[in-house]
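The values are calculated or read from the model by the stated rules, or taken from the named source; none is laboratory data. The shown structure was predicted, so the numbers you read here are calculated from the model rather than taken from an experiment. Cβ placement follows ideal geometry from the backbone for every residue including glycine, while neighbour counts extend to all protein chains displayed. Areas reflect the complete protein model, heavy atoms only, side chains present, ligands, DNA and RNA absent. Shrake-Rupley method; radii C 1.70, N 1.55, O 1.52, S 1.80 Å.
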Amino acid sequence: MSDCLFCKIIDGSIPSKKVYEDDDLFAFEDVNPQAPTHILVVPKSHKPTLLELEESDKETIGKVYLVANKLAREKGIDDGFRVVVNCGEKAGQSVFHIHFHLLGGRSFMWPPG
Ligand code: AMP
């Protein structure tokens, strides 16, 4: 989508610190990290929120978690990490292209704020 920030990061027209890419997913460092490791794992196909997921997205979303595991091991945060999706403004979503936050390198509270 032409006016989507994450579509522009995926197509390279906006720079990012890429940590992973395959045919379906793109992952890069969050510009405003909330933990020592904060990576965004983003499906390349543009969908605004989790609510727009369809049956045909099942495989890609499964892959998100496999890639998150791989990155967590590579970054040395596999002793404890979070994968978080904010869905909708009320939940804190600010970029309306589905993305999964991979956070680690510190302790986390529960419940989240
Ligand atoms: P959310 O608030 O769940 O929609 O998450 C959006 C995330 O995108 C935030 O953690 C931002 O810090 C991050 N972000 C925004 N712009 C950029 C950018 N240009 N490069 C990397 N991360 C970004």
Subject >> In the range 61-113, residue most open to solvent (accessible area, probe 1.4 Å) [restricted to those that are over 16 Å from the mean Cα position of the chain (by Cα), of a type in the set (Gly, Ala, Ser) and on the phi < 0 side of the Ramachandran plot] >> reply: Gly113
Original post:
Looking at (1) open to solvent by 50 Å² or more (accessible area, probe 1.4 Å); (2) near the ligand (Cβ under 10 Å from one of its atoms), which is the one condition that is false for Phe6?
Top reply: (1)
**OP:** Please go through the range 23-39 and pick out each residue that is surrounded by 17 or more Cβ atoms within 10 Å (Cβ to Cβ), more than 8 Å from the ligand (Cβ to nearest atom) and part of a loop (DSSP other than H, G, I, E, B).
**Re:** Ala35
Subject >> Matching option when the condition is open to solvent by 80 Å² or more (accessible area, probe 1.4 Å) and touching a helix residue (DSSP H, G or I) at 6+ places or on another chain (Cβ under 9 Å), among Lys18, Lys47, Lys58 >> reply: Lys18
**OP:** With the condition kept exactly as written, say whether any residue in the range 21-40 is of a type in the set (Val, Ile, Thr), in contact with a Ser or Thr (Cβ under 9 Å, 6 or more places away or on another chain), farther than 22 Å from Pro112 by Cα and at pLDDT 95 or above.
**Re:** no
